[in-house]
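**Student:** Please find one structure pasted underneath; my questions will follow.
Bear in mind these aren't lab numbers, they're just calculated from the coordinates by the rules spelled out. This is a predicted model, so every value here is computed, not measured. We place every Cβ from the backbone using ideal geometry, glycine too, and count neighbours over all the protein chains shown.
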Amino acid sequence: MLRLVVTVVAVLWFVAAAAMTVLDTAAWPMLAMAGVLLLGTLFERFHYRGADGPFDPAGWHPTTERFRDEETGRLVTIWFNPATGERRYVDAGDEA
């Protein structure tokens, strides 16, 4: 929910800054800052979506960390890849 609010605020700010920049070119720094915020929130939204596709546990080790996902209510186990340092959140029903 917070991500959506920040994205909407960034879009509104960007549109307002673009209109102000058209009227007065001295407003370009505000347009640049709004653009950075907008690009950052969009990057975060799509980059950190999570992994797509089935989980292949080769090279991954389950940790003792488990929690219940608030959105789905399903139990999630955290897996760790020591070679890359990555962590992956896997539905306990999908574990191999």
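**Student:** Please turn the phi angles of region 29-41 into ³J(HN,Hα) values with the Karplus equation 6.51 cos²θ - 1.76 cosθ + 1.60 (θ = phi - 60°), one per residue in order, whole Hz, x for glycine and proline.
**Tutor:** So the J values, rounded to whole Hz, are x, 5, 5, 5, 5, 5, x, 5, 4, 5, 5, x, 5.
**Student:** Does the chain classify as rounded, prolate or oblate by the C-alpha gyration tensor (a ≥ b ≥ c root eigenvalues; a/c under 1.5 gives rounded; else a/b over b/c gives prolate, otherwise oblate)?
**Tutor:** Details: a/c = 4.57, a/b = 2.80, b/c = 1.64.
Judged from the Cα gyration tensor, the chain comes out prolate (a/c at least 1.5, a/b above b/c).
**Student:** Pop a pseudo-label 7 angstrom from the Cα along the beta-carbon direction at both ASP91 and MET33 and give the gap in nm to one decimal.
**Tutor:** Label at ASP91, label at MET33, 4.3 nm between them.
**Student:** For labels at ARG3 and HIS61 in the simple 7 Å Cα→Cβ model, what's the distance in nm?
**Tutor:** Distance between label points: 3.0 nm.
**Student:** Once phi is turned into ³J(HN,Hα) by the Karplus curve 6.51 cos²θ - 1.76 cosθ + 1.60 with θ = phi - 60°, what whole-Hz value does each residue of region 66-76 show in order, with x for glycine and proline?
**Tutor:** Using θ = phi - 60°, the values come out as 9, 8, 9, 5, 5, 6, 9, x, 8, 7, 10 Hz.
**Student:** If you don't mind, there's one more thing I want to ask. Within region 12-32, what residues put their amide N at less than 17 Å from the label point 7 Å along the Cα-to-Cβ vector of LEU42?
**Tutor:** Output list for this probe position: 12-19, 31-32.
**Student:** Connecting C-alpha atoms closer than 10 Å in a GNM of the chain, tell me which of VAL22, VAL76, VAL11 has the biggest fluctuation.
**Tutor:** Residue with maximal mean-square fluctuation among VAL22, VAL76, VAL11: VAL22.
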